[in-house]
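K.L.:
I have a structure here, written as structure tokens, and I will follow up with some questions on it.
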Protein chains: 2
Amino acid sequence: MPKSQKNALSAQDWAEAALEAIGRRGVEGVAVEPLARELGVTKGSFYWHFTNRDALLTAALARWEARETDEVLARVQQETDPRARIKRLVTEVNTSRRASRIYTALSSATKPSFVREYVERVSQRRLQFLVDCYAALGLGPERARQWALQTYSVFLGSLQIRRDLPDEWPAADDPAFADYVRFLMVSLLPPEARTEDNEHNGGTTADTPAPDPQAVAQSR
Amino acid sequence: MPKSQKNALSAQDWAEAALEAIGRRGVEGVAVEPLARELGVTKGSFYWHFTNRDALLTAALARWEARETDEVLARVQQETDPRARIKRLVTEVNTSRRASRIYTALSSATKPSFVREYVERVSQRRLQFLVDCYAALGLGPERARQWALQTYSVFLGSLQIRRDLPDEWPAADDPAFADYVRFLMVSLLPPEARTEDNEHNGGTTADTPAPDPQAVAQSR
DNA sequence: CGTTGTCCATACGCCGCCGTATTGACAGGG
DNA sequence: CCCTGTCAATACGGCGGCGTATGGACAACG
């Protein structure tokens with residue numbers, strides 16, 4: 001069974017290109033022939049790797065779901081203190097313009113109906129993660145849910161504002177950005193847990209030894 | 001110049017149908033022939049009222065912009081107290097599922113490039129309205145902007161959550177909804193202005209005599 | 001009763017995309 | 001060598017949507 005016979009494309013390459021197209025042109029913009037042109041090949045290649053366009057979309061969605069749940073949450077979970085985790089999630093909004101474009105594109109997509117399932121699962125896991133964070137701060141289930149919904153709203157709304165009003169949003173390197181994040185954390189943490197305004201610990205669970213491997217920047 | 005010769009369609013009818021299609025199938029879903037079928041006519045009718053598809057989209061967008069700025073803000077401005085206005089804006093999220101679907105569809109649209117201009121103007125005016133509300137509470141420009149950004153994020157994020165996780169969002173008639181709104185208002189009002197947790201006044205500007213004409217419900 | 005202007009139906013050519021069928025290049029393994 | 005399996009180019013039919021061209025139908029008005 002021979003393998004790479006030169007510059008052979010893989011199904012993963014197609015799925016990644018599909019994700020890129022989703023971010024730039026929306027789900028409807030994932031068309032086989034234009035994608036093939038961008039990859040420097042023709043449809044003949046595509047229909048060897050996939051049975052049809054829907055199969056490509058499912059592959060892309062599976063990739064997206066993996067990245068937006070396991071990987072991101074694993075990164076955030078390096079922070080052990082719930083406050084630091086929450087702050088980390090809020091700042092993660094500014095990590096990738098591309099990721100936010102893909103999310104909003106998928107969220108507003110309707111045509112391949114199975115897209116909604118993926119969006120729902122990813123959102124569900126993100127929200128549950130926040131609920132757990134607030135529960136770890138000692139809040140009851142109802143209160144934790146309310147705080148989590150509020151924080152997740154800010155998270156999603158920030159994505160939207162960055163897209164609709166890019167001029168109103170401070171760049172990640174702008175000092176106003178750090179100011180705004182500090183401001184947000186005051187509203188997004190219950191008063192009992194508001195011991196520090198920075199990513200230091202407070203004493204509810206554990207310490208925060210993570211050296212912040214993935215930084216905030218890379219935006220714009 | 002004869003006018004209505006029976007059940008004649010107007011350009012407004014087409015624009016309204018286009019808006020409906022945007023909400024249900026996205027901007028790409030605004031196709032002339034399917035729309036004509038839904039209206040019980042053929043393309044011949046359309047190309048009498050409009051020169052092409054882009055003209056229809058601009059008409060629909062103009063309609064949308066008028067409704068989402070002047071009309072909504074005029075309604076909210078019936079509240080004279082800034083706190084009541086802010087609360088009103090937050091609860092208005094739940095007035096119309098249709099309006100939120102149209103907004104997210106437009107926000108994620110890319111293909112007719114002029115769509116972005118409309119979205120930007122509407123977002124700009126909404127945010128500015130919030131900035132004015134917080135300025136009326138006595139905050140300085142920088143603080144008012146931070147509070148407004150936070151509130152607008154919650155506003156937009158709530159739209160998104162209602163769409164992505166409909167089961168996690170309390171219905172407008174659910175008592176949990178009123179609970180959540182009260183909870184939000186605590187975080188969304190600066191401490192100095194947090195005199196009441198309800199829609200009563202506090203004494204910064206004037207009273208709140210509006211009899212709440214458009215209620216919250218109609219959701220789901 | 002013809003004329004004029006409004007509103008719509010029908011028919012056509014075009015283009016972009018989907019999916020299939022067929023053929024071909026090219027690498028390894030026997 | 002040839003044979004098999006991998007990856008891709010080409011060619012084709014079909015469909016749905018856009019825009020045009022033309023020809024009514026039908027009211028109002030003289």
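K.L.:
Where residues in the range B:124-138 are surrounded by fewer than 20 Cβ atoms within 10 Å (Cβ to Cβ) and more than 11 Å from chain A (Cβ to nearest Cβ), which of them is farthest from A:Glu117 (Cα to Cα)?
P.N.:
B:Gly138
K.L.:
Name the single residue that is surrounded by the fewest Cβ atoms within 10 Å (Cβ to Cβ) among those in the range B:155-165 being in contact with a Leu (Cβ under 9 Å, 6 or more places away or on another chain) and facing chain A (nearest Cβ under 7 Å).
P.N.:
B:Leu165
K.L.:
Kindly indicate whether any position in the range B:130-146 is among the aromatic types (Phe, Trp, Tyr) and more than 30 Å from A:Gln128 (Cα to Cα).
P.N.:
Yes, because at least one residue in the range B:130-146 is among the aromatic types (Phe, Trp, Tyr) and more than 30 Å from A:Gln128 (Cα to Cα).
K.L.:
Inside the range A:60-81, can you point out the residues that are more than 14 Å from A:Val119 (Cα to Cα) and surrounded by 15 or more Cβ atoms within 10 Å (Cβ to Cβ)?
P.N.:
Listed by number, the residues that qualify are A:Val72, A:Leu73, A:Arg75, A:Val76, A:Gln78, A:Glu79, A:Thr80, A:Asp81.
K.L.:
A follow-up question, please. Please go through the range B:130-140 and pick out each residue that is not hydrophobic (A, V, I, L, M, F, W, C) and not in a helix (DSSP H, G or I).
P.N.:
B:Gly138, B:Gly140, listed by residue number.
K.L.:
Can you report the number of residues in the range B:178-196 which are assigned to a helix (DSSP H, G or I), surrounded by 18 or more Cβ atoms within 10 Å (Cβ to Cβ) and more than 9 Å from chain A (Cβ to nearest Cβ)?
P.N.:
Qualifying residue count for the region: 3.
K.L.:
With the requirement that a residue be over 18 Å from B:Gln160 (Cβ atoms), touching a residue at least 24 places away in the same chain (Cβ under 8 Å) and in a helix (DSSP H, G or I), what does the range B:106-129 give you?
P.N.:
Across the range B:106-129, the qualifying residues are B:Val115, B:Tyr118, B:Arg121, B:Arg125, B:Phe129.
K.L.:
Can you tell me which of (1) more than 19 Å from the chain's Cα centre (by Cα); (2) at pLDDT below 95 is the one A:Tyr134 doesn't meet?
P.N.:
Only one criterion is unmet by A:Tyr134, namely (2).
K.L.:
Which fully enclosed helices (runs of 4 or more DSSP H) of the range B:1-105 have 3 or more residues being within 16 Å of DNA strand D (Cβ to nearest atom)?
P.N.:
Filter on the range B:1-105 gives B:11-25, B:32-39, B:43-49, B:53-66.
K.L.:
So, one more: In the range B:21-44, what count of residues is obtained for those that are more than 13 Å from DNA strand C (Cβ to nearest atom), of a type in the set (D, E, K, R) and in contact (Cβ under 8 Å) with a residue 12 or more places away in the chain?
P.N.:
1
K.L.:
Also, quick follow-up: In the range B:82-103, which residues are at pLDDT 90 or above, surrounded by 23 or more Cβ atoms within 10 Å (Cβ to Cβ) and in contact with a Lys or Arg (Cβ under 8 Å, 6 or more places away or on another chain)?
P.N.:
none
So that you can scan it fast, the table gives a plain yes or no per residue for (1) touching a helix residue (DSSP H, G or I) at 6+ places or on another chain (Cβ under 8 Å); (2) aromatic (Phe, Trp, Tyr); (3) more than 11 Å from chain A (Cβ to nearest Cβ); (4) over 23 Å from B:Arg194 (Cβ atoms):
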{"position": "B:Tyr103", "(1), (2), (3), (4)": "yes, yes, no, yes"}
{"position": "B:Ser107", "(1), (2), (3), (4)": "yes, no, no, yes"}
{"position": "B:Val119", "(1), (2), (3), (4)": "yes, no, no, yes"}
{"position": "B:Gly140", "(1), (2), (3), (4)": "no, no, yes, no"}
{"position": "B:Arg143", "(1), (2), (3), (4)": "yes, no, no, no"}
{"position": "B:Leu149", "(1), (2), (3), (4)": "yes, no, no, no"}
{"position": "B:Ser153", "(1), (2), (3), (4)": "yes, no, no, no"}
{"position": "B:Asp167", "(1), (2), (3), (4)": "no, no, no, yes"}
{"position": "B:Ala171", "(1), (2), (3), (4)": "yes, no, yes, yes"}
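K.L.:
Further, regarding this structure: Return a yes/no flag: does the range B:55-70 have any residue that is modelled with pLDDT of 95 or more, more than 16 Å from DNA strand C (Cβ to nearest atom) and of a type in the set (S, T, N, Q).
P.N.:
yes
K.L.:
Which members of the range B:141-177 meet the condition of being in a helix (DSSP H, G or I) and among the hydrophobic types (A, V, I, L, M, F, W, C)?
P.N.:
Of everything in the range B:141-177, those that are in a helix (DSSP H, G or I) and among the hydrophobic types (A, V, I, L, M, F, W, C) turn out to be B:Ala144, B:Trp147, B:Ala148, B:Leu149, B:Val154, B:Phe155, B:Leu156, B:Leu159, B:Ile161, B:Ala176, B:Phe177.
The values are calculated or read from the model by the stated rules, or taken from the named source; none is laboratory data. Worth saying up front: this structure is predicted, and the values here are computed from it rather than measured. Note: ideal-geometry Cβ built from the backbone for every residue, glycine included; neighbour counts use all protein chains shown.
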